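What follows is one structure encoded as structure tokens, with my remarks underneath.
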Amino acid sequence: MNHLSDNNSQNIFELKFDQIYNYPVCFTRDVFNISNNTLIKAIAAKNQAQAKKTLVFIDKGLINQNPRLLKKIVKYFEHHKNLFYLAKDPVVFPGGECVKNSWDHVHLATRIMNDSALDRHGVLVAVGGGALLDMAGFAAAIFHRGVQLIRIPTTTLSQNDAGIGVKNGINQYGKKNSIGTFYPPNVVINDLSFLKTLTFDHFIGGVAEAFKIALIRDDSFFLFLEKNCSLLKQRDQKAIQETIKRCARLHLDHIANSGDPFETGSSRPLDYGHWSAHKIEMLSEFSMGHGQAVSIGIALDSYYAWRHSLICRTELDRIITALNKCGLPVWSPYLEIMDAKGLLEIENGLEEFRQHLGGRLTFTMPHGIGRSCELHKMDFHIVREGISFLKKASFDLN
Ligand SMILES: NC(=O)c1ccc[n+]([C@@H]2O[C@H](COP(=O)([O-])OP(=O)(O)OC[C@H]3O[C@@H](n4cnc5c(N)ncnc54)[C@H](O)[C@@H]3O)[C@@H](O)[C@H]2O)c1
């Protein structure tokens with residue numbers, strides 16, 4: 001193949017090359033037990049010839065619930081020092097959105113990598129929820145223009161969405177994820193035993209992302225979720241395990257096969273329900289979790305889809321009932337907040353969403369259950385109707 005063509009007449013060198021990415025997403029329990037070789041196998045598969053200098057950045061919310069984990073990690077790396085060794089003890093970062101709300105933690109993370117003399121062959125192991133993984137992944141991407149990254153997601157949402165994909169980022173200028181990169185990890189390890197210590201909201205939040213992808217991609221998955229609402233609400237292990245695996249698989253399939261893993265086009269199919277969700281999160285100053293905000297966003301867009309005859313009324317009712325039965329919200333007072341000009345604040349969220357994507361305003365809607373279509377205009381009198389409808393539905397259901 002000709003990778004560099006020479007057009008002398010126009011003084012242009014035309015450059016073309018491909019970069020193949022591949023990384024495993026593994027499922028296990030008790031990943032830092034010295035007899036668990038999931039991490040070792042994943043690293044060995046990457047042809048690591050000599051022991052790697054490693055740093056571990058870990059989520060404080062996780063450590064608060066598992067105080068002995070830090071020692072366990074040190075012991076684990078000590079045991080496997082022929083493969084990788086710790087440059088220093090695991091570093092604890094705050095968990096939750098505050099870790100990605102400023103540059104401070106990115107500066108600290110890169111400073112620690114620098115002080116530990118981590119080079120481009122060194123490994124950063126990030127352990128925590130989606131927020132910590134987003135911040136640490138961004139730091140890993142920019143330090144020395146990229147060090148190796150292993151993600152160990154510890155919330156439902158990070159195991160089936162935030163921690164398994166190719167994006168990272170922090171929030172700036174009052175906008176979610178306005179700074180960040182596309183930087184695929186080298187390995188992802190989902191340890192289901194971490195989910196035990198999550199609060200109910202953080203446990204169930206990830207199920208909203210499962211509804212999102214089921215509604216636009218896989219009707220049989222929606223049926224599964226609908227059937228298992230009560231079990232998911234009771235934190236049934238089998239039900240959540242299957243939910244995470246199926247949801248992760250659909251996300252990964254999109255990244256690998258959509259033809260646009262780094263989202264260069266105008267459309268963002270996996271952001272169904274997210275244009276309002278991101279704004280709701282910001283308006284709540286992050287007192288509302290990402291998953292809960294996505295659940296409300298899905299309900300609102302489903303109403304919109306019904307009003308455009310993209311789904312029928314029975315389907316709308318099934319979606320709202322299933323979200324509610326799982327313990328996810330379908331309405332919030334943040335939907336009704338107005339700006340000084342009398343516009344709904346979430347209306348401003350739509351323009352911010354368009355700017356984030358670039359190009360033509362494009363949002364994904366369900367078209368029947370399990371299929372999707374794209375719309376390019378949002379009619380706000382229907383959105384207002386939807387807010388009133390969901391407010392009533394929410395009061396009636398609870
Ligand atoms: N990069 C992406 O592709 C992508 C996709 C979706 C969402 N996200 C981002 O992910 C973030 C949300 O992630 P999240 O839902 O995982 O929430 P989170 O990271 O905010 O974590 C929620 C809380 O759980 C705590 N925690 C983490 N693991 C725990 C455990 N095992 N036991 C007890 N507590 C634990 C954290 O300290 C935090 O307080 C948002 O910032 C969102 O924008 C990123």
Could you sort 269-282, 309-322, 372-385 so that the peptide with the highest average Cβ count within 10 Å comes first and the rest follow in order? 269-282, 309-322, 372-385
Arrange the peptides 30-41, 196-207 so that the one whose residues have, on average, the most other Cβ atoms within 10 Å appears first. 196-207, 30-41
Indicate the gyration tensor shape class of the range 309-356 (rounded, prolate or oblate), computed on the Cα atoms with a ≥ b ≥ c the square roots of the eigenvalues: a/c under 1.5 is rounded; otherwise a/b larger than b/c is prolate and the rest oblate. prolate
From Cα pairs below 8 angstrom and at least 6 apart in sequence, can you work out the relative contact order of the chain, rounded to a whole percent? 13
Taking Cα pairs closer than 8 Å and at least 6 residues apart, the relative contact order of the range 25-197 in percent is 26
Rounded to the nearest 500, what is the 222 nm mean residue ellipticity of the chain from helices alone, with -39500 (n - 2.57) per DSSP H run of 4+ residues and division by all residues? -14000 deg cm²/dmol
For the range 140-159 and the range 364-398, what is the separation of their Cα centres, given in Å? 34
Under 29 Å Cα to Cα from Lys341, which lysines show up? Leave out anything in the same chain fewer than 8 places away. Lys175, Lys176, Lys279, Lys377, Lys391, Lys392
Out of all Cα-Cα pairs in the chain, roughly what percent, to the nearest whole number, are more than 38 Å apart? 22
Cα shape, the range 1-136, gyration tensor, a/c 1.5 rule: prolate
Segments 333-343, 130-140, 97-107 sorted - mean Cβ within 10 Å per residue, highest first: 130-140, 97-107, 333-343
Is the range 84-241 rounded, prolate or oblate when judged by the Cα gyration tensor, a ≥ b ≥ c being the square roots of its eigenvalues, rounded requiring a/c under 1.5 and prolate requiring a/b larger than b/c? prolate
Give me Lys71, Lys391 sorted ascending by neighbouring Cβ count inside 10 Å, so fewest comes first. Lys71, Lys391
State the Cα centre-to-centre distance between the range 59-114 and the range 164-231 in whole Å. 22
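Values quoted throughout were computed directly from the atomic coordinates according to the rules given, and no laboratory measurement underlies them. Remember, it's a predicted structure, so these values are computed and weren't measured experimentally. Heads up, the Cβs are rebuilt from the backbone with ideal geometry, glycines too, and the neighbour counts pull from every protein chain shown.
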